[in-house]
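Just below is one structure, and these are the notes that go with it.
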Amino acid sequence: MYQATDPDDLLGRAYDSRITRRLISQVGPYKRPAVIAVALILIVTFLELSIPFMFGLAVDIVTNAISGTTGRTFFGHTGATGLNLLGAAFLVVLVLRFLASYFEMFLMGQVGQRIVYDLRSSMFARIQRLGIRYIDRRGVGSIMSRIQNDVSVIDQLFSDGLVDILSQVALLVGIIVLMWMTNWQLALVSFALLPVMVVLMVFWRRKAILTYRTTRITIGRVNAFLAENIAGMRVIQSFTREPRNLKTFTGINDENLDANIDAARLSAFLFPFVTFIEYVTIALVLYVGGRMVGGVAFTVGELVTFVAYVGRFYDPINQLSQAYNTLQAATAAGERIYTILDTESEITDAPNAVVLPRIEGHVVFDSVRFGYEEAEVLHDINLDVQPGESIAFVGETGAGKSSMINLLTRFYDVRDGAIR
């Protein structure tokens, strides 16, 4: 009833970036809303990056008003007037950011739902053409897990993960440029610990590939076991197999628990470490920048702006690491989905096949051979059943009675011979 190992669940298989590219290609039919969403992401990024600049400018306007000196202004306005106009501009930025974020998230959510619709439709259409042998080999529960759970993971990628990746990359590039333009010496100080982050991410990525693939496979096995056992509960209870099946399920569920604990351990290590590096970098910037304040080309407000950029510099890295989790899970799910979509039907017509004539009840088995996997069940079967004639297949379990009927309805194809 339950197949513990799906033939497609190969943990040792290397990460294939083609899966990710193929998933991204699903956006193709929906280029217009996707392009608009990307444009809105860039607008949101620009507005987001303007906020630290406005805070720093406000600090300088207040500082200049207190000290009675001249310095940075808001379009020529200083003091209370400058602050009031700056506050109004800040409110406009927030409103525009809200509107752009809303439409960008709505459009990408819409694209994600349409891609999920396409994938489920394509998978169902493919499964109907694959034949009974494929379903028997994989199991109904495993196939259902791919159609439901794995496709839902793809939905998360397009609704949230892809948006996060695009927006955070744009934000990270913008922050680096603005940090360098504000003060290149402090920018170099800020980047001092970046190699540590790069090395960490390389090692973390290698571990994450296997871990997230394992979580997808183990949850698929759990769902497959549940689906097949609940559907066959009448048989299970009739043969009092409840204790044995519970023991089997406990083992499968334990594997899923261990896989998810490993994934949680990876996340628990990475994110606090990124935060630690962020605050160490801020401390270095405050130490070096504090000594630079008072110079001709560097003000208190610019230091405030720079520290804000440093804080936001590691936010995209942290968010990208979380989005990478989603990407890894989606890639693992994509492997399982495309395994179904790329599988060719084992039952195909010969190049010289003829159109089936009107069925009159005459059936001929001509030297038919058939088997499941490597085991042969039927060998050199010859049978001629005339119209109106009734016959019965009698034999012990496994003799091939059901196989004869399955061949007659072409749920399976013969290995050799022909049925006419």
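Values in this text are rule-based calculations from the coordinates and carry no lab data. This structure is a prediction, so every number in the text was calculated from the model and none was measured. Methodologically, a virtual Cβ is constructed for each residue, glycine included, from the backbone with ideal geometry; neighbour enumeration extends over all protein chains shown.
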So what are the ³J(HN,Hα) numbers for the stretch 116-127, from phi and the Karplus equation (6.51, -1.76, 1.60; θ = phi - 60°), rounded to whole Hz, Gly and Pro as x?
-> 4, 4, 5, 5, 5, 5, 5, 5, 5, 5, 5, 4
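Once you keep just the Cα pairs under 8 angstrom separated by 6 or more residues, what percentage relative contact order results for the chain?
Numbers: 447 pairs, mean separation 95.5, N = 420.
Rounded, it is 23 percent for the chain.
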Gaussian network model of the chain, Cα within-10 Å springs - most flexible of 386, 328, 168 | 386
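Could you tally the net charge around residue 234, taking each other residue with its Cβ under 15 Å from the Cβ of residue 234, Lys/Arg +1 and Asp/Glu -1?
Details: positive: 241; negative: 228, 242.
Residues near residue 234 contribute -1 overall.
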Using a Gaussian network model of the chain whose springs link C-alpha atoms within less than 10 Å, name the residue from 288, 151, 44 with the highest mean-square fluctuation.
-> 288
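Fully extended, how many nm does the chain gain between residue 54 and residue 128 (0.36 nm per residue separation, minus their Cα-Cα distance)? If you can, show how the numbers build up before the last one.
Numbers: separation 74, 0.36 × 74 = 26.64 nm, distance 5.95 nm.
Going from the current span to full extension adds 20.7 nm.
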Can you figure out the FRET efficiency of residue 194 with residue 264, using R₀ = 22 Å and their beta-carbon distance, to the nearest 0.05?
-> 0.25
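Report the relative contact order of the stretch 363-419, percent, no decimals, based on alpha-carbon pairs under 8 angstrom and at least 6 residues apart. Intermediate values should be presented prior to the final figure.
Values: 78 pairs, mean separation 25.9, N = 57.
Reported as a whole number, the value is 45 percent.
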Here, residue 360 and residue 137, labelled 7 Å along Cα→Cβ, have an inter-label distance in nm of 3.8 nm
Would you mind getting me the FRET efficiency between residue 144 and residue 113? Use the beta-carbon distance for r and R0 = 22 Å, nearest 0.05.
-> 0.65
Measuring from the lowest to the highest alpha carbon on each principal axis, how far does the stretch 363-419 reach, largest first, in angstroms?
-> 35, 24, 19
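Compute the signed sum of charges (Lys and Arg +1, Asp and Glu -1) over the other residues within less than 9 Å, Cβ to Cβ, of residue 326.
Details: positive: none; negative: 160, 164.
With Lys, Arg at +1 and Asp, Glu at -1, the neighbours total -2.
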Enumerate the calculated ³J(HN,Hα) couplings along the stretch 302-313 in order (Karplus 6.51 cos²θ - 1.76 cosθ + 1.60, θ = phi - 60°), each rounded to whole Hz, writing x wherever the residue is Gly or Pro.
-> 5, 5, 4, 4, 5, 4, 4, 5, 4, x, 7, 4
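With a sphere of radius 12 Å drawn around the Cβ of residue 266, what net charge do the other residues whose Cβ falls strictly inside it have (Lys, Arg +1; Asp, Glu -1)? Please list the in-between numbers first.
On the way: positive: 205, 206, 207, 265; negative: 262.
In short, +3.
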Which order do 155, 384, 60, 315 fall in if you start with the one that has the fewest other Cβ atoms within 10 Å?
-> 384, 315, 155, 60
Protection proxy ranking of 48-57, 246-255 - average other beta-carbon atoms within 10 Å, highest first = 48-57, 246-255
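Under the rule a/c < 1.5 gives rounded, and otherwise a/b versus b/c splits prolate from oblate, where does the chain land using the Cα gyration tensor? Don't jump to the answer; show the numbers that get you there.
Numbers: a/c = 3.91, a/b = 2.79, b/c = 1.40.
Verdict is prolate for the chain.
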